[in-house]
Structure formats: structure tokens, C-alpha cells
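The values are calculated or read from the model by the stated rules, or taken from the named source; none is laboratory data. Keep in mind that what you see is a predicted model, and the values were worked out from it rather than measured. Cβ coordinates were reconstructed from backbone atoms using ideal geometry, including for glycine residues, and neighbour counts include every protein chain displayed. Side chains included, ligands, DNA and RNA excluded: accessible areas come from the protein's heavy atoms. Shrake-Rupley method; radii C 1.70, N 1.55, O 1.52, S 1.80 Å.
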Amino acid sequence: MARDRWATFDCYGTLIDWNGGIRRELARVFGEDEVDERLDRYHELEPVLQVGGARSYREVMTEAMRGLGAPGGEASGLAESLPSWEPFPEVRPALEDARARGWKLAILSNTDRDLIDASLKRIGVPFELAIVASEIGSYKPEHTHWASFFEETGASRERHVHVAQSYFHDIAPANELALRSIWINRYGERHTPPPTRELSDLSNLPQALDDLVAA
């Protein structure tokens, strides 16, 4: 409904500790001494593999691990580990508070249905819907996730806020679409143009959402 207030979220890096999950698997496969270099390289490889949207996220992760030099039997381990990745500690209370204030919640994620379902169970808070890359044939920062969201929900752009950690994947395209956004800047990055709001984590998210869109 047009009068509903909607908050859309990226999942990995925003709600689920994506870097922590990848880092643990890279340390297991390559050793602790090589983790930082391999993690930086992973961040370079993944967006290239997502271009065109033909690969599932499981395939993207597996190909990225092969690109890092993982032995054949280890290439699928990263995707297999994803369902065990934990949410950041402030996520569940923040989302519960947002729901209590009347916000509807949706996920816009560069992932697969089975992986997002596992992560949503970890988070433990209901979402109205989740739009995933492998079902729409497109990865953020392309705009297809947002187009699919507005088409499916009929949400008002004036009563919507997008919440995400990745400037490249989420905040930049939200700016391009002239959408309100809250950047969860966990790592103290600096980019322009700025988001509508910036927070270091989700602890103060419910109030920030209310400040942007009144009930």
C-alpha cells in the first residue's frame, strides 16, 4: 500500500557479518597470514563475476575462490559456509524496534533464495519479502532490485528508505535513483555524493528511519 513505510536492506555486510564470514573461510583454506591479501582480491573478483547476472551467487563465490587459487575441493566451501554466518549483534533488536514502529521490511540482496532463507533464519526477524539476484538475473549496483521491489509492493518512493553498508552496490545506485538512503558505514569510509543519512551501525536505525519518514 502507498501509505505503508518501507525500509529495504542489503543483507551481507549490513545485517550479516559478510567480511567476517569470508575471512574465516579464507583463513581456513589459505592460512591466516594470507587472509588480508586474499580478502582484498576477493572484493575485486566478485563484482566482475556478477556482471550480466547469468551466474547464481553460489557460482560467483565458487568461481571467485577458484580465482584466488583455492584447491579444487575447496572452491565451493565459501558458499557452503554462508548459512552459518552470523548477524551483527545490534541487528535483531534494531529490526524488531523498526517493525514495532510500523515499518515494513524487505531484503534486496545479491544472493540466491536458499542462502537468503538461511540468513533470515539467523536474523530471526520477519521480512515482508526478499528479492534476490539469481531470480531476477541482475546484481546490484544495477537498478533491477529496486524496480522489482517497487513493482511488487506498490510502495511509495516518498515513504521508502534503503539501508546498506556497501556504497558501491547500494548507496551509489540509491543516489542515482533519487531514493532516501541510510549508509551503515561500519568501516569509516568516505565517498561522495553522500547518502541521506549515515550511521556506524544499526543501533540508532529505528529513530533515523522515523526522522526520514514520519508515521
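Using only DSSP helix segments of four residues or longer, with each worth -39500 (n - 2.57), what per-residue ellipticity at 222 nm results for the chain after dividing by its residue count and rounding to 500?
When only DSSP H runs of four or more count, the value is -12500 deg cm²/dmol.
Kindly state, to the nearest 0.05, the FRET efficiency for Val48 paired with Tyr187, given R0 = 22 Å and r defined as their beta-carbon distance.
Between Val48 and Tyr187 the formula returns 0.55.
What number comes out for accessible area per residue over region 1-67 if the probe is 1.4 Å? Units Å², please.
Here the residues of region 1-67 average 48 Å² of exposed surface.
Rg to Rh for region 50-203: what is it, with Cα atoms only and Rh by Kirkwood?
Answer for region 50-203: 0.96.
Starting at the first residue of region 73-89, write each ³J(HN,Hα) from the Karplus equation 6.51 cos²θ - 1.76 cosθ + 1.60 with θ = phi - 60°, in whole Hz, x for Gly and Pro.
Taking θ as phi minus 60°, the curve returns x, 9, 4, 8, x, 5, 4, 5, 7, 4, x, 8, 5, 9, x, 5, x Hz for region 73-89.
Just to check I understand the Karplus step: with θ = phi - 60° and J = 6.51 cos²θ - 1.76 cosθ + 1.60, what whole-Hz values come out for region 169-183, glycine and proline as x?
7, 10, 6, 4, x, 4, 4, 4, 8, 6, 9, 5, 9, 10, 8
Which one of Val48, Val91, Val132 has the biggest mean-square fluctuation once the chain is modelled by GNM with Cα springs under 10 Å?
It is Val48.
Could you state the per residue volume, in Å³, of the convex hull enclosing the Cα atoms of region 131-170?
Once divided by residue count, the hull of region 131-170 is 72 Å³.
Whole-Hz Karplus ³J(HN,Hα) for region 146-162, in order, using 6.51 cos²θ - 1.76 cosθ + 1.60 and θ = phi - 60°, x for Gly and Pro?
Those phi angles translate into 5, 4, 5, 4, 5, 5, 6, 9, x, 5, 7, 4, 6, 10, 10, 9, 9 Hz.
Highest mean first, what order results for 137-146, 30-39, 166-175 on Cβ atoms within 10 Å?
166-175, 137-146, 30-39
Quick check for you: with a 1.4 Å probe and neighbouring chains kept, what is the accessible area per residue of region 71-215, in Å²?
Result: 43 Å² of accessible area for each residue.
Treating only the Cα positions of region 1-134 as identical point scatterers, give the base-10 log of I(q)/I(0) from the Debye formula at each q in 0.08, 0.09, 0.10, 0.20 Å⁻¹.
The calculated log intensity ratios at q = 0.08, 0.09, 0.10, 0.20 Å⁻¹ are -0.23, -0.29, -0.36, -1.15.
Taking H as built 1.01 Å from N, whose amide H comes closer than 5 Å to the amide H of Ser181, not counting residues under 5 places away?
His162, Thr196, Arg197
Considering only protein heavy atoms and a 1.4 Å probe, what is the carbon-and-sulfur percentage of the accessible area of the chain?
Its accessible area is 48 percent carbon and sulfur atoms.
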